[in-house]
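Only one structure is covered here, and it is reproduced in the block below.
The values are calculated or read from the model by the stated rules, or taken from the named source; none is laboratory data. These numbers come from a predicted model, not from an experiment. All Cβ positions, glycine included, derive from the backbone under ideal geometry; neighbour counts span all protein chains shown. Protein only, heavy atoms only, side chains kept; ligands, DNA and RNA dropped before computing areas. Shrake-Rupley method; radii C 1.70, N 1.55, O 1.52, S 1.80 Å.
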Amino acid sequence: MDVVPDDLADLVHRAAWVTPPHAADLANVRRRARARRRRRAAAAAGGLVVLVGLAGGAVPLLAGNGRAPAPVSAPSVPPTGTAPTTPAPPRMPAQRLIIAGGGATAQPLRGGPEIGLVGGVADEVMANGTVVRHRVPAGWEGTVALPDGRLVGLKLTDLMPGVQRRDGPNVAGLSIRLMVLGADDRVELSREVRVKGQALKLVGADARYAYLVRDGIGLVGHELSTGRERTLIRVTTKVDGELPFGGADVAAGRVVSVTGPPDMTRCRLDVRRLAGGTRLSRPTVAGECASSIRLSPDGSLVAVPYRRPSGRRALEYRVAILDTATGQRRADQRVGTADVVYGLTDSGTWGTAWVDDTTVRVVWAQLPEPPRKVYPVSEVARVVTVSLQ
């Protein structure tokens, strides 16, 4: 059994959004200089130094000529009585947008190259649209990105490579380590968390806990600093042969999970409080949910990417935004439609993250026409924004 995924091609999608800078009015600056000299002859020299400094700083913002500004001998000093102005830093999204792993490939019946889409191991879509691939250990899965730049995930290692064994929770020679990587992708924490005979899944993390689903127990909070665990929501039975919280997210004291088997006609969600497991709502959407569901930072909303049939050989992809307290649908937007080719769905939603409490970003990727190879999602992805405003 090989539990270590193959390394993917190291391709980076660059789609930076360029915002043109504000062009300062140099003529107005010079007019103000002349007026100041006329009104304040005694202070002409000092005023001129200040204004020349301001004019020199404005030249790089002027559109079009590409020439460097002339050197200025005196430092730029703000006029008396005015505070220096600094540009506001760009607003960072409340949540980091990670491209989910997985994917599928197919071999055309008439020959030709293998085609398909595969997700990155830990590819992150930045605020400006570029994609950064984090350096994660081999066998990494289940990436959770913390706001402080760290990554939390599980590292699976086959301790008996080349030895044939029966797959399943009781398989021998398997290590599952919970790992935390710093903002520089260096390992900060590595701890064995596997219990033989017990299936395990990472569904969320915050600054204090990693949230794990343990087969036969339920949702547990694994304290990062000590390794101690406490059961948050006890679930001792499987849901249709699968672990509960199959697609899940944890935020703001709430957990949302997909329940029931995959079904193109209906997806049911379960929203509970982490403290005590009290159910808040059980909303549904009319389609099959993706695993990349995401709670808003304040926990009041959940974004649910899903798909449903569209005609005989196509699927429509949508994103619904639901109220977690009532299950009410607040928004439902189409992302795209894709054909099913050679039994392969040639597109999908590959990651979800909130910009703020009312706006969510979704990674959408679709195979080019005609497809010629297996494409990393990062190479063909675009970001779709859904907002309540």
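Structure notes:
- Filtered by the rule that a residue be within 30 Å of residue 339 (Cβ to Cβ) and surrounded by fewer than 22 Cβ atoms within 10 Å (Cβ to Cβ), region 262-284 gives 262, 263, 264, 265, 266, 268, 283, 284.
- If the condition is being over 22 Å from residue 159 (Cα atoms) and either open to solvent by less than 80 Å² (accessible area, probe 1.4 Å) or not in a strand (DSSP E or B) (or both), then region 182-192 contributes 182, 183, 184, 185, 186.
- Residues in region 101-129 that are among the aliphatic types (A, V, I, L, M) and within 19 Å of residue 183 (Cα to Cα): 121, 122, 125, 126, 127.
- Checking each residue in region 140-153 for being closer than 16 Å to residue 189 by Cα and either in contact with a Ser or Thr (Cβ under 9 Å, 6 or more places away or on another chain) or in a loop (DSSP other than H, G, I, E, B) (or both) picks out 146, 148, 149, 150, 151, 152, 153.
Quick grid of which residues meet (1) modelled with pLDDT under 95; (2) within 27 Å of residue 351 (Cα to Cα):
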| position | (1), (2) |
| --- | --- |
| 142 | yes, yes |
| 146 | no, yes |
| 152 | no, yes |
| 156 | no, yes |
| 160 | yes, no |
| 164 | yes, no |
| 198 | yes, no |
| 203 | yes, yes |
| 227 | no, no |
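- For residue 175, the criteria (1) open to solvent by less than 30 Å² (accessible area, probe 1.4 Å); (2) within 19 Å of the chain's Cα centre (by Cα) hold in every case but one, which is (2).
- Candidate set from region 240-278 (those that are hydroxyl-bearing (Ser, Thr, Tyr) and at pLDDT below 90); member that is farthest from residue 207 (Cα to Cα): 265
- Considered as a group, the residues in region 273-286 that are part of a loop (DSSP other than H, G, I, E, B) and in contact (Cβ under 8 Å) with a residue 12 or more places away in the chain include one that is farthest from residue 252 (Cα to Cα), and that residue is 286.
- Residue in region 287-299 that is of a type outside the set (D, E, K, R), touching a Gly at 6+ places or on another chain (Cβ under 6 Å), part of a loop (DSSP other than H, G, I, E, B) and over 19 Å from residue 362 (Cα atoms) present: no
- All positions within region 142-178 that are in contact with a strand residue (DSSP E or B) (Cβ under 6 Å, 6 or more places away or on another chain) and β-branched (Val, Ile, Thr): 143, 144, 152, 157, 176
- Residue match in region 292-315 (condition: in contact with a Lys or Arg (Cβ under 8 Å, 6 or more places away or on another chain), without any contact (Cβ under 8 Å) to a residue 24 or more places away in the chain, surrounded by fewer than 23 Cβ atoms within 10 Å (Cβ to Cβ) and at negative phi): no
- Test: residue in region 356-370 that is more than 30 Å from residue 112 (Cα to Cα), of a type in the set (A, V, I, L, M) and open to solvent by less than 40 Å² (accessible area, probe 1.4 Å): yes
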